[in-house]
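Participant: Quick one: the structure is below, questions incoming.
Every number in this text was worked out from the coordinates using simple rules, so none of it is lab data. Here the structure is a predicted model, which means the values were calculated and not measured. In this analysis, Cβ positions are derived from the backbone assuming ideal geometry, glycine residues included, and neighbour counts consider all displayed protein chains.
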Amino acid sequence: MKTNPPTPAALGFHMPAEWELHEATWLTWPRGAGASFPGKFDPVPAYWVKLAEELSPHEVVHIVVHDEAHEEIVRRFLAASPKLSRDRVFLHRFGCNECWCRDHGPVFVVPKPESRNPKPEIAVLDWRYNAWGGKYPPWDLDDAVPQRVAQTLGLPLFSPDMVLEGGSIDVNGRGTLLTTESVLLNKNRNPQFTKPQIEQRLRDYLGVTHILWLGGGIAGDDTDGHVDDIARFVDARTVVACAEEDPADENHAPLLENLKRLRAMRDQDGQPLRVIELPMPGRLEGRGQRLPASYANFYIANNVVLVPVYSHRNDSRALKILQRCFPTRRVVGIECTDLVWGLGALHCVTQQQPKMT
């Protein structure tokens, strides 16, 4: 009789919170041949240089590149930076289609604190990736990145056989996961699965016990509504959630609905969530559409929080709110008007690798 192999949760693994200690951050360097930045690629590579500069003093930076020619281009950009901690930056010639490492990159799981799981102490999840419901072919090289990472690091690999992007989930590291119905229940991802089946896979592979569902995302978001543009855990019981103050703005109603849901939600221990409102940066237009500009697309790294800003009057408000949420970290605003042209920002292009202590 055939038996299924044990799941990560059964082996004592779980996905830690983003603010827990990192070994590294993974990035995928953008390509001019990609589909992400039509008509506006020239200012884009500077963002990856900036990310490497900000992150490398605090943790290792791994960068996925496409081929030998792409690697040479990347090395020239990095060599021109006087601020880089070069001994902590590593390039990997895996092949790539686009630059959104949060969604196609490796999701790491580690043993729960109470687990007695033997070494290796970290593992990689290889969720299937289909470019947000088949929107931007080809995506085969991106889909293979987690496998290449596991091979390179010599880590075990689990394959959930379900489409899931990293930007569609957020965890508090204590058992609670936050996501949206508009993405995980979208028939362009996993039409063969029911909601209970999707929830079971999240429990089995991410080690969560409590799943919270928000509705939809913000205007202009081609992912169908990733949670990392609308609401994020900043500690085990606190969520920052976007709120659009202008009632005439198309984001006002859906964000208000999400806020109402969050205020009625409880964590894995039955405790109410603490909800902090985060403003929105107004309407930003580009490439003939509204761009999904949001302050919630920040990245929490060792000692630093990198926050997208958009030359808007709410930039300083958002930075002050997030600095209060992370008093022991330096909160850095990075002007992202050119980056969000690609319909994503700082969290979308980063993926954390936790450190075992």
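Participant: Positive end of the dipole of the range 133-183, charges at C-beta (+1 Lys, Arg; -1 Asp, Glu), about the Cα centre: which of 167, 133, 152 has its Cα farthest in that direction?
Facilitator: 152
Participant: Please list, ordered by chain and number, the residues whose modelled amide H lies under 5 Å from the amide H of residue 128; skip anything fewer than 5 residues away on the same chain.
Facilitator: Sorted by chain and number, the residues that satisfy this are 161, 162, 163, 164.
Participant: Equivalent-ellipsoid semi-axes (√(5λ), Cα gyration tensor) for the range 164-251, whole Å, largest first?
Facilitator: 22, 18, 9
Participant: A further question on this structure: Under 8 Å for C-alpha pairs, at least 6 residues apart: give me the relative contact order for the chain, rounded to a whole percent.
Facilitator: Relative CO of the chain lands at 21 percent.
Participant: Size of the dipole of the chain about the Cα centre, Lys and Arg at +1 and Asp and Glu at -1 on the beta carbon, nothing else charged, in debye to 20?
Facilitator: Here the size comes out at about 700 debye.
Participant: Right, next: How long is the chain along each principal axis, judged by its Cα atoms, biggest number first, in Å?
Facilitator: Sorted largest first, the three principal extents are 57, 51, 40 Å.
Participant: Applying the Karplus parametrisation 6.51 cos²θ - 1.76 cosθ + 1.60 with θ = phi - 60° to the phi angles of the range 44-57, what ³J(HN,Hα) value in whole Hz is obtained for each residue in order, glycine and proline being reported as x?
Facilitator: 6, x, 4, 5, 6, 4, 4, 4, 5, 5, 6, 8, 4, x
Participant: Straight distance only, please: which lysines reach the Cα of residue 320 with their own Cα at less than 27 Å, same-chain residues fewer than 8 apart left out?
Facilitator: Candidates past the 8-residue exclusion: 50, 83, 260.
Participant: Which of 280, 162, 356 has the fewest other C-beta atoms within 10 Å, and how do the rest follow up to the most?
Facilitator: 356, 162, 280
Participant: Follow-up question, since we're still on this one. With a/c under 1.5 counting as rounded, go ahead and sort the range 225-343 into rounded, prolate or oblate using the C-alpha gyration tensor (a ≥ b ≥ c being the square roots of the eigenvalues; past the cut-off, prolate if a/b is larger than b/c, else oblate).
Facilitator: oblate
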